[in-house]
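Shown next, in structure tokens, is the structure this report addresses.
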Amino acid sequence: MRSFLVILLALPLFALPAAGDIRSTFPDAVPARWGWPLAGRPVVLRDFAPPSQPWLAGHRGADLATTPGAEVHAAGAGTIGYAGPLAGRAVVTVLHSDGLRTTYLPVHPSVQRGQTVSQGEVIGVVQDLPGHCRTACLHWGLLRGRSYLDPLLLLGRGQVRLLPLRPSGP
């Protein structure tokens with residue numbers, strides 16, 4: 001019988017507190033470190049679907065249902081790394097202290113590069129641009145270095161992968 005090891009896409013466990021879980025159990029506890037980039041709990045239109053090889057096509061984020069003009073919030077505290085046009089769409093990138101970066105598009109930014117933001121702070125509004133989704137959406141991405149990760153893991157959601165545990169000895 002094979003043993004299995006749970007791998008959470010190389011994110012350390014301390015980086016994955018579930019949004020709201022601690023606050024609902026202990027109302028006076030420290031606020032959650034991560035939150036949704038849109039108000040409420042948006043519907044996920046398309047999940048993270050990384051390609052098998054970095055150069056292949058895939059979906060490197062999560063698409064969240066929204067409306068044009070909806071406020072976009074920083075999912076976590078950090079510094080704005082980029083806020084402006086990129087390949088015909090406006091993008092905002094937040095650099096977080098633990099080496100993670102979150103990306104948001106299409107977003108007309110209300111922030112500028114180098115600005116410090118708090119978790120939940122408004123960083124812009126969703127642009128009305130067709131193309132990525134059939135209806136209005138926010139594409140929310142997460143990276144560590146050059147590796148794309150599932151942003152839903154920040155909220156205690158997302159896909160957990162089971163990998164076989166290989167014996168260490170002969």
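The values are calculated or read from the model by the stated rules, or taken from the named source; none is laboratory data. Given the structure is predicted, the values throughout are model-derived calculations rather than measurements. Positions of Cβ are backbone-derived with ideal geometry, glycine not excepted, and every protein chain shown enters the neighbour counts. Just so you know, the surface numbers come from the protein's heavy atoms only, side chains and all, with ligands and any DNA or RNA stripped out. Shrake-Rupley method; radii C 1.70, N 1.55, O 1.52, S 1.80 Å.
Condition test on Pro130, is it in a loop (DSSP other than H, G, I, E, B) and without any contact (Cβ under 8 Å) to a residue 12 or more places away in the chain?
Details: in a loop (DSSP other than H, G, I, E, B): yes; without any contact (Cβ under 8 Å) to a residue 12 or more places away in the chain: yes.
Taking the combined requirement at face value, the residue satisfies it.
Listed by first and then second residue, the pairs linking a residue in region 35-51 that is free of Cβ contacts under 8 Å to residues at least 24 places away in the same chain to a residue that is of a type in the set (A, V, I, L, M) and in a loop (DSSP other than H, G, I, E, B), with Cβ atoms under 7 Å apart and 6 or more places separating them unless they lie on different chains, are Pro51/Ala57.
Each row is one residue, and each column tells you yes or no for (1) closer than 21 Å to Gly156 by Cβ; (2) open to solvent by less than 50 Å² (accessible area, probe 1.4 Å).
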{"residue": "Pro50", "(1), (2)": "yes, no"}
{"residue": "Pro68", "(1), (2)": "no, no"}
{"residue": "Tyr82", "(1), (2)": "no, no"}
{"residue": "Gly88", "(1), (2)": "no, no"}
{"residue": "Val94", "(1), (2)": "yes, yes"}
{"residue": "Thr102", "(1), (2)": "yes, yes"}
{"residue": "Ser118", "(1), (2)": "yes, no"}
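Condition first: modelled with pLDDT of 95 or more, touching a strand residue (DSSP E or B) at 6+ places or on another chain (Cβ under 9 Å) and closer than 12 Å to Ala75 by Cβ. Can you find one or more residues in region 123-134 that meet it? Yes, because at least one residue in region 123-134 is modelled with pLDDT of 95 or more, touching a strand residue (DSSP E or B) at 6+ places or on another chain (Cβ under 9 Å) and closer than 12 Å to Ala75 by Cβ.
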